[in-house]
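Report on the following structure.
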Amino acid sequence: MNEEHLNLWSLLAGHDDRPAVTVSAQSWSRAQLRTAACRAVTGLRALGLARGDAVAVWLPNGPAWLQLLFAAADLGVLIVPVSTRYKMPEVRHVLEVSGARALICPDVFLGQDYAAMAAELAEQVASLASVVVLPQAETTLAFAAAVPAAGPSGAGQPADLLCCFSTSGTTGFPKLAAHDHASIARHASLVGPAMHYQPGDRLLAVLPFYGVFGFMAALAALAGAAACDVMAVYDAEDAAVMIDTRGITHVIGSDSMFDPILRCEGHRFASWRRLVQADFVGLTKEVTQRAAAFGISATGTYGSSEAFALCSFWPDAATTEERSRAGGVPVDPTMAFRIVDDQADGSEAALAVAGQAGELQLRGSNVLACYLNNAPATAAAMTGDGWFRTGDLARAEGSAFVYLSRMGDSLRLRGYLVNPAEIETVLMQHPAVAGAQVVGVRQPGSGDLAVAYVLAASEGFDEADVAAYCKSAMAAFKQPFRIVRIDEFPSMNGPNGNKIQKRVLREMAAQLVATSMTEKD
């Protein structure tokens, strides 16, 4: 890799006639996307944007999104992605935190009047000087006709902040994890080969570009001279049809997306070679096995807004079960990780012993440059010796790591640190259980009580019977305090698919435990 000349535009070098992005029946080649980005350079400058400024992009997937990203990279302007699912207060928060000087949005998307909302935001946000409304934004380029296609300006520098991503925001509004130009270009250029892209391959671009997962998936495809076939709104059957009819070779997403796609009947998926999945609902093993039956190579991965998506993959030689896990070997050879014992006394850098679970900490160019305009949060996220605290529970496995859960989801049961998935796996081996989620309720002075919520496989579900099975199948300290049947898990439809809301389950469990303790008294 020639890092001296590596920048975002290098991802579009060569293979000029091959498609870069396709929406419905309309396609833009790599050369056309470069030309469109040059137009956008002129257009953004006409809005008064210069190096160090921020522009908010509130658009669905499409060529305009990518066009603006490449233009911003050339100018040294920060792209601030805004989720098309956000409501007005959430959008206003992103605009205010970023200090965006311009907002680019569609006129209408999914029946929502974005133009009217943008006009209202322009009156509320002091920094916002310009609003650009794109008609039919899913297929229309920004600044398409009115601006000449001059050459790149070259104003941007490798260390300039280029894009930021909203964190998950479990409490309050999300922070904005910002990454610089050089780091984004480097990571995309490494993920492309790791995905085994070949010129002419096609990615089903169903994940939104405003999220780090969809963003990096698209850039890695461009780095491998593959096309991004945009799917504006996810639907399993429509996705299956697109895979078969368009010759899709790669799909990246979550297990909650892939499970229904692979269950669609009448599809051969003959072109589909590579599947990369995040574990959102505990179906990665089943998805990996089902994909293998179609001849599709599947792998788990790891990522975050702060450390990029697609940070790691499992080797092709790994077993099906190994490849179904979240984690893997880091894509970037300079990326370092360590597992820190969260219970150790003294130094925060006390490493966990081999095979022991602890906090995953990262160091390297993949780690965020900062939380945008939030110095206290940036400082709190880093250790004194320069490692990023992910807040994720993991364990090392040679040169790889295995992601287990968020630290907040892990359980401290009678002094033992337990991954809730251990208990969930045992529960799901009982024939009466179709799905399981385990959360903890903290008891002052004694640790957690594990509460299991399960989906019943039949009407014959009996808590006592399942509890007896658990007693015979796992250590006593892992036994759930209660095993509660539930009709469905509370979930949230996010940018990467449906994700179970453990927070809601924890609140339900806390009320259950409080009631049980009161009744005992």
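The values are calculated or read from the model by the stated rules, or taken from the named source; none is laboratory data. Treat the numbers as computed from the prediction; the structure is a model and nothing was measured. Here the Cβ positions follow ideal geometry from the backbone for every residue, glycine too, while neighbour counts run over all protein chains shown. Ligands, DNA and RNA are excluded from the accessible area calculation, which covers all protein heavy atoms including side chains. Shrake-Rupley method; radii C 1.70, N 1.55, O 1.52, S 1.80 Å.
Using a Cα-Cα cut-off of under 29 Å, which lysines could be cross-linked to LYS87, ignoring same-chain neighbours fewer than 8 residues away?
Cα-Cα hits under 29 Å: LYS175, LYS499, LYS502.
Post the alpha-carbon centroid distance, segment 1-55 to segment 419-445, in whole angstrom.
So the separation of the two Cα centres works out to 47 Å.
Measure nothing but the geometry: give the 0 to 90° angle between the long axis through the Cα atoms of 88-98 and the longest principal axis through the Cα atoms of the chain, rounded to 10°.
Here the helix axis deviates by roughly 70 degrees.
When the dipole is taken about the Cα centre of segment 1-66, and only Lys, Arg (+1) and Asp, Glu (-1) are charged at their Cβ, what size is it in debye, to the nearest 20?
Using only the charged Cβ atoms, the result is roughly 220 debye.
Using amide H atoms built in the peptide plane, which far-off residues or other-chain residues are under 5 Å from LEU134 H to H?
CYS105, ASP107
Can you work out the accessible area per residue across the chain, with the rest of the protein chains kept in place, probe 1.4 Å, in square angstrom?
41
With a 1.4 Å probe and all protein chains kept in place, how do TYR453, TYR469 rank by accessible area, largest first?
Sorted by accessible area, descending: TYR469, TYR453.
Which of the aspartates and glutamates could a cross-linker span from LYS478 if the Cα-Cα distance has to be under 13 Å and same-chain partners fewer than 8 positions apart are dropped?
Within the straight-line limit of under 13 Å, LYS478 reaches these aspartates and glutamates: GLU422, GLU424, ASP448.
Between VAL132, MET88, ALA450, whose Cα lies farthest towards the positive end of the dipole of the chain when Lys and Arg beta carbons carry +1 and Asp and Glu beta carbons carry -1, centred on the Cα centre?
My answer, from the dipole projection, is VAL132.
Towards the positive end of the charge dipole of the chain, with charges on Cβ (+1 Lys, Arg; -1 Asp, Glu), say which of ALA144, MET195, PRO330 has the farthest Cα.
Final value for the positive-end residue is ALA144.
Taking only Cα atoms, what is the 0 to 90° angle, nearest 10, from helix 463-473's long axis to the longest principal axis of the chain?
90
Where both residues lie in the chain, what percent of DSSP beta bridges are antiparallel, nearest 5?
60
Within a Cβ distance under 13 Å of ASN366, other residues only, what is the Lys/Arg minus Asp/Glu net charge?
Around ASN366, the surrounding residues sum to -1.
Near LYS285, within a Cβ-to-Cβ distance under 13 Å, what is the net charge of the other residues, with Lys and Arg +1 and Asp and Glu -1?
-4
Using Cα pairs under 8 angstrom and six or more residues apart, how large is the relative contact order of the chain, in percent?
Taking the mean separation of contacting Cα pairs over the length of the chain, I get 10 percent.
Could you work out [θ]222 nm for the chain from helices alone, using -39500 (n - 2.57) per DSSP H run of at least four and dividing by all its residues? Round to the nearest 500 deg cm²/dmol.
So the calculated ellipticity at 222 nm is -9500 deg cm²/dmol.
Rounded to a whole number, what % of the accessible area of the chain do carbon and sulfur atoms account for, probe 1.4 Å?
51
Mind pulling the angle between the C-alpha long axis of helix 236-246 and the longest principal axis of the chain? Nearest 10 degrees, somewhere in 0 to 90.
Helix 236-246 sits roughly 50 degrees off the main axis of the chain.
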